[in-house]
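Coordinate-derived values only; no laboratory data. Quick caveat, the model's predicted, so the values are computed rather than measured. Neighbour counts run over all protein chains shown; Cβ positions are idealised from the backbone, glycine included.
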Amino acid sequence: MRSHRWFTPWLLLLPAVVWVLVFSIYPFVNTVILSFTNARPLRGGQFTGIENYVRLAQDPMLANALVTTFVYVIACVPLLTVVPLLLAMLVHKPVPGIGFFRTTAYFPVIASVVVVSLIWSWLFDSRGVVNQTLEFLHLVNAPIPFLVDRWLLLGTSILLTVWKGLGYYMVVYLAALGNVAPELHEAAAIDGAGAFRRFLHVTVPGVRGAMTLVAALVAVSAMRIFSELYVLTNGSGGPGGESMSIVMMVKQVGSGLNGQVGYASAVSVVLFLLTLLPLLLIGWLNNRDSGGTLGARA
Amino acid sequence: MSATVRQRPWRSRRSFDMHRPTLAGLIIRYVLLVVVVLVSVGPFLWQLSTSLKDVTEDIYAFPPQLIPSQPTLEAYQSVTRFIPVYQYAFHSLLIALGSVASNAVLATLAGYAMGTMRFRGRMLVMALFLSTLLLPGEVTLTSQFLIVNSLGLANTLFGVYLPGVVGAVNVLLMMTACRAIPQDVLDAATIDGANTVQRIRHVVWPNVRGMVAVIAVFSFIGAWDDFLWPLIVLNDPAKYTLTVGMAFLKASPLGVDQREIAAGTIIALVPILVVFAALQRFFFRGVESGAVKG
């Protein structure tokens, strides 16, 4: 039924479309263009070809940032793909009071990363609770430099990211678990499958689509890591800036009145290409699954 | 949850009623659930406890004392010697409330058009919205700042607010919500003479309030918790938002007390707790409807 004039939808869509064009599409195109120039904030740049990218390839700062990102992805993807699933299975069954447990498990998700990082730097302080406990148990003689050493810092930060992300991915799995028919569990139990085998052969195949999605989401967000490392190191990126992430590098080289906007844009383009990898992978997996063999969902 | 009548919430041994756990299973389940609660909430409680401790109480005491011996709100006052934390909280609140209002209204309008109307170019707009999902905000950071700067909004709260006025994700969420409204209902309203504005006000809005609540929560939390963008835009400490101010406080070489930092973090937590508590019933609703299938 014709209920509106031709321009009505466009009027309704106008603000949203303008915002997407001005604050997403245009900046993206502009970033790509600027990455081939030597632009600075106060003067437009000249076209310099791939000079920024050549310089990037030799920049030890980028090498460090890539190592940081790589470690982050390698650690976060398995942890945040598996642990939230176990958590979701724990809170899936509607036992009395389950609403309370679900809400509290979600609590770290809604807290600001800055807040959580401040709490973390108090817990992992040289005189904080964690070090005190370890010393009390005689596991260590001197406080562990959780927030100073490059790798320990990274580990502490990863622990923070994982702890904060558990509830978020738990909710994704909760929705997926709702689609696994309980009859399958019953049938498997009658056939004599124990809890672990039921998990492996009923639950996991049932939520496989959600697992690939979560793994890709985790990988992308691990590449975008910024606030945790920034706050834990007071913005310095750790000793010698070695624990700096890619986004920290973008901010470091690109911000301020003297920022190297062109160079920072090249780093941004590298970040964008990296974040496409997990998405391409998930697309390829989905294609392969639907193209032949037995699908997970019969 | 379920309509079936049960004598006990657990099953006897050898029963294959998979809807009920065994007694031992139920006990283990609750023990694990309590562990989850302790791990999720413990660090926040420790921070709350630190913030309430008196200056004379040793915060490094071992074993750690969770209950302060003489609870005091002194740190919530003394933290303002270093940063105007309540002023910063007000800045964050302004941006968060603005973000909620504009996202709720503009995403509803756009979502209604995308979800219920047929028009030329719809697929193009759809592709536009979807493509932004692939684009992390961090990638466009530098260029976004150049835009805000050229509008003369660098170092202003309005410049912090501007890019988040309406999010593509929220439009897509509203689109799904609007699609669930039966076309017949909308047609009936049209026949009764309702124009587009009246249909949105009296038919669409009452039907999508749940989704609006979800968008409101996400917008509020997103704006309140945001750190990187305000950090880029603001360089005058008088204009900081709360997250930027707290990071600044932690990094400052002045002798800030751990109790005062803790007080600041609790101040940053309270508003999102209130918002989440008020609207959390909308949050797990989708989860529930998926869960009651059995």
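Summary table below
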read-out: Estimated [θ] at 222 nm from DSSP helical runs (n ≥ 4, -39500 (n - 2.57)) normalised by residues in the protein assembly as shown, nearest 500; value: -20500 deg cm²/dmol
read-out: Distance in nm between pseudo-label sites at residue A:33 and residue A:127 (7 Å out along the Cβ direction from Cα); value: 5.6 nm
read-out: Distance cut-off 32 Å, percentage of C-alpha pairs in chain A lying past it; value: 45 percent
read-out: Over 23 Å between alpha carbons, listed pairs B:53/B:250; A:164/B:239; A:251/B:239; value: A:164/B:239
read-out: Shielding score for B:37-45, defined as the mean number of other chain Cβ atoms within 10 Å; value: 5
read-out: Label point distance in nm, residue A:136-residue A:48, each placed 7 Å from Cα along Cα→Cβ; value: 5.6 nm
read-out: Binned Cα-Cα distance frequencies in the protein assembly as shown - 20 Å width, integer %; value: 17, 50, 30, 3, 0
read-out: Kyte-Doolittle mean at least 0.0, axial Cα span of 15 Å or more - DSSP H helices of chain B; value: B:23-51, B:85-116, B:122-133, B:168-179, B:209-225, B:258-279
read-out: Dipole magnitude of chain A about its Cα centre (Cβ charges: Lys, Arg +1; Asp, Glu -1), debye to nearest 20; value: 740 debye
read-out: Kirkwood-type radius of the stretch A:1-135, with distances r between different C-alpha atoms, in Å; value: 21.7 Å
read-out: Listed residues A:52, A:258, A:131, most fluctuating in chain A (Gaussian network, C-alpha, under 10 Å); value: A:258
read-out: Residue among B:70, B:144, B:280 with the largest mean-square fluctuation in a Gaussian network model of chain B, springs linking Cα atoms under 10 Å; value: B:70
read-out: All-pairs alpha carbon distance profile, the stretch B:23-72, 5 Å steps from 0, percent; value: 4, 20, 20, 15, 12, 11, 8, 6, 3, 1
read-out: Nearby lysines by direct alpha-carbon distance to residue A:93 (threshold 18 angstrom, same-chain neighbours under 8 apart not counted); value: B:293
read-out: Label-zone membership for the stretch A:67-95, site residue B:35, 7 angstrom Cα→C-beta point, backbone N under 15 Å; value: A:83-91
read-out: Nearest-0.05 FRET efficiency for residue B:273 and residue B:251, computed from C-beta distance (R0 30 Å); value: 0.70
read-out: FRET efficiency for residue B:93 and residue B:191, using Cβ-Cβ distance with R0 set to 35 Å, rounded to 0.05; value: 0.20
read-out: Farthest positive-ward along chain A dipole, Cα basis, beta-carbon charges - from A:94, A:262, A:24; value: A:24
read-out: Loop trypsin sites (Lys or Arg not before Pro), the stretch B:56-122, which have at most 13 other Cβ atoms in a 10 Å radius of their Cβ (DSSP); value: B:118, B:120
read-out: Where labels lie 7 Å past Cα in the beta-carbon direction, separation of residue B:151 and residue A:193 in nm; value: 5.4 nm
read-out: Dipole magnitude (debye, nearest 20) for the protein assembly as shown, charges at Cβ of Lys, Arg, Asp, Glu; value: 1760 debye
read-out: Unit charges at the beta carbon, dipole of the protein assembly as shown: most positive-side option, A:10, B:277, B:91; value: A:10
read-out: Between the stretch A:201-254 and the stretch A:31-92, the alpha-carbon center distance in angstrom; value: 9 Å
read-out: Under the span-like rule (Cα at least 20 Å along the axis, Kyte-Doolittle mean at least 0.0), DSSP H helices of chain A; value: A:60-92, A:150-177, A:208-223, A:261-291
read-out: Per-pair calculated FRET efficiency, R0 = 41 Å: residue B:62 and residue B:24 via Cβ, rounded to 0.05; value: 0.65
read-out: Cβ neighbours within 10 Å from other chains - mean over B:267-277; value: 3
read-out: Spatial separation of Cα centroids for the stretch B:75-149 and the stretch A:113-189, in angstrom; value: 29 Å
read-out: Spread of Cα-to-Cα distances over 5 Å intervals beginning at zero, given as percent, for chain B; value: 1, 5, 8, 10, 12, 12, 11, 11, 10, 9, 6, 4, 2, 1, 0
read-out: Per-residue average of Cβ from other chains inside 10 Å of B:110-119; value: 5
